[in-house]
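Read the structure below first, then the notes.
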Amino acid sequence: MTSPPFRREGGGPGSQETAPVTPGLLRAQENIWESRAAEMAAIFMVGDGLIGLLQPRRHVDLWKDDALGTEKLVRPFVDKPGRRRLYAVVQIAAGLALAARQKR
């Protein structure tokens, strides 16, 4: 009789001892959410930057009135598409740098 293709834990034919989980593996699993959050921030930065680069006036106009507090954030860019484009380039670069730092 041949052994099963996958080893089983807990006794019986084809069973094997399993090594205890090392703390390093647990830390890596805990840090996955930090990595995911950083990746999501990077995606947001790159996407928002691209829209701001390609359509600066429309993008700023969308957020300058009745936008739950973002009016103050976009005020420096109202009627200044060149300034918004410059900020967009910085935003894209920062998003790409953040994504590149992620190990997993």
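The values are calculated or read from the model by the stated rules, or taken from the named source; none is laboratory data. Fair warning: this is a prediction, and the values are worked out from it, not measured in the lab. Positions of Cβ are backbone-derived with ideal geometry, glycine not excepted, and every protein chain shown enters the neighbour counts. To get the accessible areas, we keep the full protein, side chains included, count just its heavy atoms, and leave off ligands, DNA and RNA. Shrake-Rupley method; radii C 1.70, N 1.55, O 1.52, S 1.80 Å.
Heavy-atom accessible surface of region 41-104, averaged per residue, reaches 72 Å², computed with a 1.4 Å probe.
Converting phi to 3J(HN,Hα) with the Karplus coefficients 6.51, -1.76 and 1.60 and the offset θ = phi - 60°, region 59-70 yields 5, 5, 4, 4, 9, 8, 10, 6, 10, 6, x, 6 Hz in sequence order, with x at every glycine or proline.
Between Ile43 and Thr70, the simple spin-label model (points 7 angstrom out along Cα→Cβ) gives 1.7 nm.
For the pair Asn31 and Ala97, the difference between a 0.36 nm per residue extended length and the Cα-Cα distance amounts to 21.9 nm.
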